[in-house]
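**Student:** My questions all concern the structure below.
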2 protein chains.
Amino acid sequence: MKWPANVQIKEVGPRDGLQNEKAFLSTEDKIHLINLMSRTGLNYIEITSFVNPKWIPALSDSLEVAKRIERVPGVTYAALVPNLRGLDKAIEADIEEVSVFMSSSETHNQKNINKSIGDTFPVLKEVVQEAQMAGKNVRGYISTVFGCPYEGKVSVNNVIQVADKLLEMGIREISLGDTIGAASPKQVQIILENLLKRYPIDKFAMHFHDTRGTALANVLMSLEMGITTFDSSAGGLGGCPYAPGASGNVATEDLLYMLHQMGIQTGINEEKQLEAAQFIQERIGRALPSRSLQVFTGRPAPTVNEGGE
Amino acid sequence: MKWPANVQIKEVGPRDGLQNEKAFLSTEDKIHLINLMSRTGLNYIEITSFVNPKWIPALSDSLEVAKRIERVPGVTYAALVPNLRGLDKAIEADIEEVSVFMSSSETHNQKNINKSIGDTFPVLKEVVQEAQMAGKNVRGYISTVFGCPYEGKVSVNNVIQVADKLLEMGIREISLGDTIGAASPKQVQIILENLLKRYPIDKFAMHFHDTRGTALANVLMSLEMGITTFDSSAGGLGGCPYAPGASGNVATEDLLYMLHQMGIQTGINEEKQLEAAQFIQERIGRALPSRSLQVFTGRPAPTVNEGGE
């Protein structure tokens with residue numbers, strides 16, 4: 001079996017993780033978390049999202065977080081921006097790379113960003129152009145690639161159409177998101193086979209959620225297809241807004257464990273990453289879904305009946 | 001990618017799961033659990049272990065459980081037996097297939113069954129012979145194939161030597177156990193490549209633990225090597241005696257989800273299996289590690305600080 005020798009992990013916990021946690025972290029804790037992450041060997045951290053705080057109040061201090069974290073040379077600090085207003089804040093905060101996002105299913109796009117897929121393209125195009133004029137790389141997330149919480153199956157053609165448009169705009173890399181954690185290795189193979197007929201492999205990163213335990217199997221399939229960039233989240237932070245109690249992003253520590261055991265280099269220190277995850281687990285106040293973190297902390301699993309039968 | 005069309009799942013939750021749970025289940029609950037499992041489409045359930053109750057008090061009612069469950073035609077009811085005394089009870093209980101077990105690492109074998117590897121063979125040989133004379137199939141578990149909690153790495157040669165001896169005895173199938181949940185797909189490939197030089201693929205089943213989240217990735221690798229039999233546990237029951245708070249066996253529901261999404265048939269109804277897992281989760285009184293079960297029950301994850309803060 002041929003696997004890549006090196007993989008880049010993009011840590012999205014401070015953004016994709018925290019935006020889905022019920023517990024609100026203090027600004028100090030967010031800054032401390034990102035500072036810990038900057039010392040693990042990670043070279044890419046998506047630190048926040050510059051969205052309207054009305055939508056995601058958990059990240060309403062994004063500007064302060066971005067300004068006050070320690071910037072470690074060699075680490076790219078990235079953030080999500082939905083529109084020009086968000087982009088302005090990201091530029092003000094000296095963010096190096098911005099990400100835009102949309103869905104490959106009409107209903108999810110409508111519910112998530114209040115526009116049709118067709119109406120989303122011109123808005124993103126404007127953001128991409130202005131970001132590029134400001135000298136920023138732009139990354140694009142496509143959600144619901146492997147299934148939509150409203151529509152179920154999403155056709156490969158939808159994904160291809162959205163990818164075409166985003167790449168036309170000059171987006172450097174597309175992160176293919178398994179928003180509801182429904183992907184199987186077979187689906188990964190089908191989607192990637194289709195995309196790779198049109199584009200080189202380095203245009204794509206994979207963004208798996210471990211909602212049904214399949215995340216690392218999907219990573220393995222992606223590696224076999226040649227993918228070398230994966231998104232993950234410290235501790236497996238963040239749940240699934242469509243499945244209460246379910247797991248969120250694949251945990252960075254579990255991903256690291258598998259890659260390193262397979263002889264694939266990431267440049268990240270597993271123990272330091274576990275310490276960052278342990279810190280955030282203590283602050284969040286619940287056992288995070290990361291399997292490796294539970295081994296590391298050696299904590300007996302909490303009981304279902306919180307505070308008495 | 002070539003995957004098998006059909007896979008057999010051997011449900012080991014009532015034995016391997018329950019023997020590692022702190023909570024003791026009532027005999028009635030065990031019987032109810034097995035009766036639920038018998039109606040999911042599973043055709044193989046390892047229902048208990050006939051070991052000395054001093055070692056595993058959680059399973060001290062094994063004889064009663066085995067006698068009182070409803071036997072559904074087409075389902076094989078199996079049990080673990082360490083020695084002739086255990087075999088006698090299994091025969092008395094009309095168990096159809098018995099499993100013997102040993103380790104591929106000297107220290108784990110010594111600590112687990114109080115004998116050297118060399119001294120274990122004659123004991124097992126006697127059990128296998130008598131079981132066969134009684135018309136029973138015998139299955140063999142090899143523990144610590146992918147790592148030992150005491151010795152760390154286990155050499156492939158150790159595994160081959162133990163497999164050779166067990167197959168010589170007439171054991172029908174060997175279940176290769178990742179006792180501490182440390183395996184990676186690369187290791188799976190190496191071990192299986194070595195064993196398949198000597199034996200046909202249908203001599204082996206894989207028994208993964210999801211301690212570090214890699215279980216389904218290891219399943220995928222095994223499928224690619226041609227394996228068609230996997231052990232798993234309802235709800236991911238059972239922890240790891242060497243890592244407090246860690247996950248146990250790969251959850252049957254997560255395995256089913258992945259296999260079915262890949263178009264691989266198992267004959268098992270996912271929803272019925274989830275209902276069996278939900279029943280046992282409620283009786284155990286803690287959130288079980290199965291990801292799919294948490295989606296199914298939609299239960300918010302329990303807090304870390306039980307009753308405090």
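**Student:** Summarise the long-distance tail of P(r) for the protein assembly as shown by giving the % of C-alpha pairs beyond 34 Å.
**Tutor:** Numbers: 79362 of 190653 pairs.
In whole percent, the long-distance tail amounts to 42.
**Student:** Which helices, counted as full DSSP H runs in chain B, have an axial Cα extent of no less than 27 Å and a Kyte-Doolittle average of 1.6 or above?
**Tutor:** none
**Student:** Computed over the Cα atoms of the stretch B:113-251, what is the ratio Rg over Rh, Rh following Kirkwood?
**Tutor:** We get a ratio of 0.96 for the stretch B:113-251.
**Student:** Can you list the distances in nanometres, one decimal and ascending, from the A:I201 label point to the identical position in each other copy, with the point 7 Å along Cα to Cβ?
**Tutor:** With the label placed 7 Å along Cα→Cβ, A:I201 yields 2.3 nm.
**Student:** Let me ask something additional. Within 10 Å of each Cβ in A:244-257, how many Cβ atoms from other chains are there, averaged over the peptide? Don't skip to the end; give the middle numbers.
**Tutor:** Working: counts 7, 11, 11, 5, 0, 0, 1, 2, 0, 2, 5, 2, 1, 6.
Taking the mean over all residues of the peptide, I get 4.
**Student:** Report, for the protein assembly as shown, the % of DSSP beta bridges that are antiparallel, rounded to 5.
**Tutor:** Among the beta bridges of the protein assembly as shown, antiparallel pairing accounts for roughly 10 percent.
**Student:** Something else about it: Specify which residue in the list A:I280, A:N157, A:P53 is farthest towards the positive end of the charge dipole of the stretch A:8-297, using unit charges on the beta carbon of Lys, Arg (+1) and Asp, Glu (-1), about the Cα centre.
**Tutor:** A:N157
**Student:** OK, next. Placing +1 at every Lys and Arg Cβ and -1 at every Asp and Glu Cβ, with all other atoms neutral, what dipole size does chain B have around its Cα centre, in debye to the nearest 20?
**Tutor:** Numbers: 30 positive and 36 negative charges, 86 e Å.
The calculation lands at about 420 debye.
**Student:** Something else now. For the stretch A:8-297, what proportion of DSSP beta bridges, expressed in % and rounded to the nearest 5, is antiparallel?
**Tutor:** Given both bridge residues lie in the stretch A:8-297, the antiparallel proportion sits at roughly 10 percent.
**Student:** Of the listed pairs A:K272/B:K153; A:K54/A:K136; B:K165/B:K272; A:K153/B:K203, which have alpha-carbon separations greater than 30 Å here?
**Tutor:** B:K165/B:K272; A:K153/B:K203
**Student:** Same structure again: Please report, for A:P122, the nm distances (one decimal) from its label point, 7 Å out from Cα along the beta-carbon direction, to the equivalent points in the remaining copies, shortest first.
**Tutor:** 8.8
**Student:** Quick one: among B:P73, B:P185, B:P149, which has the greatest mean-square fluctuation in a GNM of chain B with alpha-carbon springs under 10 angstrom?
**Tutor:** B:P73
**Student:** Keeping all protein chains in position, work out how much accessible area A:F279 exposes to a 1.4 Å probe, and write it in Å² to the nearest 10.
**Tutor:** 30
**Student:** Quick one: order B:R85, A:R15, B:R212 from most to least accessible surface, probe 1.4 Å.
**Tutor:** B:R85, B:R212, A:R15
**Student:** Could you tally the net charge around A:S26, taking each other residue with its Cβ under 10 Å from the Cβ of A:S26, Lys/Arg +1 and Asp/Glu -1?
**Tutor:** It works out to a net charge of -1.
**Student:** So what's Rg/Rh here for the stretch B:173-249, counting alpha carbon atoms and using the Kirkwood radius for Rh?
**Tutor:** 0.97
**Student:** Gaussian network model of chain A, Cα springs within a sub-10 Å range: biggest mean-square fluctuation belongs to which of A:F121, A:F208, A:F101?
**Tutor:** Among A:F121, A:F208, A:F101, the largest mean-square fluctuation in the Gaussian network model of chain A belongs to A:F121.
**Student:** Further, regarding this structure: What does the copy distance list look like for B:N83, label position 7 Å along Cα→Cβ, in nm and ordered from shortest?
**Tutor:** The answer, with the shortest distance listed first, is 7.5 nm.
**Student:** If you don't mind, another one. Which sequence of A:V188, B:V154 reflects their accessible areas, 1.4 Å probe, from the largest down?
**Tutor:** Numbers: A:V188 0, B:V154 20 Å².
Sorted by accessible area, descending: B:V154, A:V188.
**Student:** What's the buried accessible area, both sides, between A and B using a 1.4 Å probe, rounded to 100 Å²?
**Tutor:** Looking at A and B, the buried total is near 4300 Å².
**Student:** Roughly how big is the protein assembly as shown's charge dipole about its Cα centre, with Cβ charges of +1 (Lys, Arg) and -1 (Asp, Glu), in debye to the nearest 20? Don't skip to the answer; put the middle values down first.
**Tutor:** Values: 60 positive and 72 negative charges, 116 e Å.
The calculation lands at about 560 debye.
**Student:** Picking from A:P14, A:N109, A:I69, whose Cα lies most toward the positive end of the charge dipole for the stretch A:8-297 (charges on Cβ: Lys, Arg +1; Asp, Glu -1)?
**Tutor:** A:N109
**Student:** Could I ask something else about it? So what are the radius of gyration and Dmax for the Cα set of the stretch A:8-297, in Å?
**Tutor:** Cα-based Rg and Dmax for the stretch A:8-297 come out at 17.3, 47 Å.
The values are calculated or read from the model by the stated rules, or taken from the named source; none is laboratory data. Computed from a prediction, not measured in an experiment: that's the story for all the values here. A quick note on method: Cβ atoms are made from the backbone with ideal geometry, for glycine too, and the neighbour counts reach across all protein chains shown. The protein model used for the area step is the full one, side chains on, heavy atoms only, and it has no ligands, DNA or RNA in it. Shrake-Rupley method; radii C 1.70, N 1.55, O 1.52, S 1.80 Å.
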